[in-house]
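In what follows, a single structure is set out as structure tokens and then discussed.
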Amino acid sequence: METSVFLEPVIGGKGETNMNKGKIIYKKAPNNISGAITTGEVIDDFLPPPDKLIRKEPKVKITITLNTGNIDFLFLYAKVILI
């Protein structure tokens, strides 16, 4: 089994990080990527929080016993509907 070792990231590597400002200076990145990183603008988060996106409904657990004829009918009905 062969293993591959990459000494540098393919797209571009992270450069130095200023600990005080938390800003990363990218080096050796292609022009289109480095330009997008440097000229991009930060926007406010416009999405609502996750608990507002999905309404949680109470769930009810049931147990049901069906005979094989009912199961065959339901599978056949499902196939007809999905075709």
Extension gain, K23 back to T68 (0.36 nm per residue minus Cα-Cα distance, nm): 9.7 nm
Region 48-81: chymotrypsin sites (Phe, Trp or Tyr not before Pro) in DSSP loop, at most 13 other beta carbons within 10 Å: none
Gain upon complete extension [Y77, I54; 0.36 nm per residue less C-alpha separation]: 5.2 nm
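Read-outs: derived from the displayed coordinates by stated rules, not from any lab. Please read these numbers as outputs of a predicted model, since none were measured by experiment. Counting neighbours? That spans all protein chains shown, and the Cβs are built from the backbone with ideal geometry, glycine included.
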